[in-house]
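Working notes, structure below.
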Amino acid sequence: MSIEQIYQDMKTKLNNIVPDFELRHKAELAHQINELKQERNAVILGHNYMEPALFNSVPDYTGDSLGLSRRAAETDKDIIVFCGVEFMAETAKILNPGKTVLIPAEKAGCSLAASITAQDVRDLKVRFPGVPVVTYVNTYADVKAECDVCCTSGNAAAVVESFGSDTIIFLPDEYLAGNVANETGKHIIFPTRDPSQNPEQSTTLDYQMIGWHGRCEVHDKFTVGDINNIRQQFPDVLILAHPECSPEVVAASDYAGSTTAMINQVEQTNAPHYLLLTECAMGDNIAAANPDKEMLRLCSVRCPYMNQITLEDTLKTLQLTQYVIKIPEDIRVRAERSVQRMLEIG
Ligand code: 13P
Ligand code: SF4
């Protein structure tokens, strides 16, 4: 595609979202990236939270964590450029170790991934011997390596239910754990670091889930008060929340699901107004794909880590072959077991 074609395509989709002078500049960058992508035999994966100009130009595939993990596992290209955060690029490397996996920003972290270490998981396993460990994919490879199975927001309840009625440890997202516990009818506890400070935990095993106090710093910002205010002004609004929002926020919303599930929900329904309780670039991307739908805005809640991924840096990534994701092989092999188990569950 020529620069002009890319520009026209972006203009059609993003006319009311990105200023024209910016679109021209972005179209030039996207053109260079697409040329280099062919030359280097690379595939670009773009998470649903990518900013609109990037999301709508260079990715070969867009999607949520689960969908992009599958794309990463099956690609036969030499290079995977992951336009997302570090734990996602790591998951691509875990699943397809023979490929060079690149991420455009050196340290695009995640507050959930930063909330727990491999040693924390080992300590929990000592305190709760024999209890299986489920970890959200929003964790680093060494944490995944300590666990039995991973999950994403798209399959968390199915993964938990695959253990039948057994007690499980669910890490590290406190809110996702609470939402899954509600969905599956399980009683959850959050043990303190010092067992003597937690009387509930020292009694018999009358709980079925053991959580951890990690939170997504973006989804933590949404409140039930926000929802009540919007419902007062727009009584017919359909509110969609990501399950990284608190259980109270999810209960006050009309729908909860992964980023792709939210996109599908907007596409498949016809509400007069929609409000998304998630990273705000995704609202722009949905608005661009559904110009007939009215997307309400609460405020501009952007993930500071996803926000680091730009077209400029994606170009540099391919030009300089940076930043390369590296995982020690013994950790990768153990982490792969957990991720593959998740993919088998669905
Ligand atoms: P999804 O798996 O739903 O895409 O979510 C990833 C994420 O980081 C949400 O904050
Ligand atoms: Fe992590 Fe939250 Fe950003 Fe998702 S939105 S990458 S969970 S900090």
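Looking only at residues of the stretch 209-244 that are outside any helix (DSSP H, G or I) and of a type in the set (A, V, I, L, M), we find that the one that is nearest to the chain's Cα centre (by Cα) is V218. Pairing each residue of the stretch 252-276 that is more than 10 Å from I239 (Cβ to Cβ) with any residue that is within 15 Å of ligand 2 (Cβ to nearest atom) and of a type in the set (D, E), provided the two are 6+ apart or on different chains, yields C-beta distances under 7 Å for S258/D64; T259/D64; T260/D64. At least 1 residues being under 25 Å from S300 (Cα atoms) is the threshold, and among the strands (runs of 3 or more DSSP E) wholly inside the stretch 46-126 those reaching it are 61-63, 79-83.
Please work out which residue is nearest to ligand 1 (Cβ to nearest atom), limiting yourself to the stretch 36-47 and to residues that are charged (D, E, K, R) and in contact with a Leu (Cβ under 7 Å, 6 or more places away or on another chain).
K37
Within this structure, A256 fails the test of being surrounded by fewer than 19 Cβ atoms within 10 Å (Cβ to Cβ) and at pLDDT 95 or above.
Tell me, yes or no, whether the stretch 115-128 has at least one residue that is closer than 19 Å to I331 by Cβ, within 16 Å of ligand 1 (Cβ to nearest atom) and among the aliphatic types (A, V, I, L, M). For the stretch 115-128, residues closer than 19 Å to I331 by Cβ, within 16 Å of ligand 1 (Cβ to nearest atom) and among the aliphatic types (A, V, I, L, M): present.
Taking the condition of being in contact with a Gly (Cβ under 8 Å, 6 or more places away or on another chain) and either touching a residue at least 40 places away in the same chain (Cβ under 8 Å) or over 17 Å from E86 (Cα atoms) (or both), how many residues in the stretch 33-58 meet it? Break it down stepwise before answering.
The first filter runs over the stretch 33-58 and keeps only residues in contact with a Gly (Cβ under 8 Å, 6 or more places away or on another chain), leaving 45-50, 54-55, 58.
In the following step, the residues that additionally are either touching a residue at least 40 places away in the same chain (Cβ under 8 Å) or over 17 Å from E86 (Cα atoms) (or both) were identified as 45, 47-50, 54-55, 58.
Number of matching residues: 8.
Filtered by the rule that a residue be closer than 19 Å to F190 by Cα and either of a type outside the set (S, T, N, Q) or within 16 Å of ligand 1 (Cβ to nearest atom) (or both), the stretch 152-171 gives A156, A157, V160, D166, I168, I169, F170, L171. Note on the stretch 296-346: residues that are touching a helix residue (DSSP H, G or I) at 6+ places or on another chain (Cβ under 7 Å) and free of Cβ contacts under 8 Å to residues at least 24 places away in the same chain total 2. E244 falls short on exactly one of the conditions (1) more than 15 Å from ligand 2 (Cβ to nearest atom); (2) charged (D, E, K, R); (3) at pLDDT 95 or above, and that condition is (1). Once the stretch 23-41 is narrowed to residues that are assigned to a helix (DSSP H, G or I) and of a type in the set (K, R), the residue that is nearest to S57 (Cα to Cα) is K26. The number of residues in the stretch 90-123 being touching a strand residue (DSSP E or B) at 6+ places or on another chain (Cβ under 6 Å) and within 12 Å of ligand 2 (Cβ to nearest atom) comes to 2. In the stretch 235-246, the residues that are over 26 Å from S115 (Cβ atoms) reach residues that are within 16 Å of ligand 1 (Cβ to nearest atom) and not hydrophobic (A, V, I, L, M, F, W, C) with C-beta atoms within less than 6 angstrom, at least six apart or across chains, in these pairs: I239/S253. Looking only at residues in the stretch 297-315 that are over 21 Å from E22 (Cα atoms) and modelled with pLDDT under 95, the one that is nearest to the chain's Cα centre (by Cα) is V301.
For the stretch 327-336, the criterion of being surrounded by 23 or more Cβ atoms within 10 Å (Cβ to Cβ) and over 17 Å from the mean Cα position of the chain (by Cα) is met by at least one residue.
This table checks each residue for (1) within 16 Å of ligand 1 (Cβ to nearest atom); (2) closer than 20 Å to Q308 by Cβ; (3) of a type outside the set (F, W, Y).
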site: F21; (1), (2), (3): no, no, no
site: E28; (1), (2), (3): no, no, yes
site: N34; (1), (2), (3): no, no, yes
site: Y49; (1), (2), (3): yes, yes, no
site: S65; (1), (2), (3): yes, yes, yes
site: R70; (1), (2), (3): yes, no, yes
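Test N48 against the criterion of being over 15 Å from Y323 (Cβ atoms), within 13 Å of ligand 2 (Cβ to nearest atom) and not acidic (D, E), and give yes or no. Answer is yes for this residue.
Mind counting the residues in the stretch 127-169 that are touching a residue at least 24 places away in the same chain (Cβ under 8 Å) and not in a helix (DSSP H, G or I)? Talk me through it step by step, then tell me what you get.
Filtering the stretch 127-169 for residues touching a residue at least 24 places away in the same chain (Cβ under 8 Å) gives 127-128, 131-160, 162-163, 165-169.
Narrowing the set further to residues that are not in a helix (DSSP H, G or I) leaves 128, 131-140, 146-155, 162-163, 165-169.
Of the residues in that region, 28 qualify.
The values are calculated or read from the model by the stated rules, or taken from the named source; none is laboratory data. Predicted, not measured: the structure shown is a model, and the values here were computed from it. We place every Cβ from the backbone using ideal geometry, glycine too, and count neighbours over all the protein chains shown.
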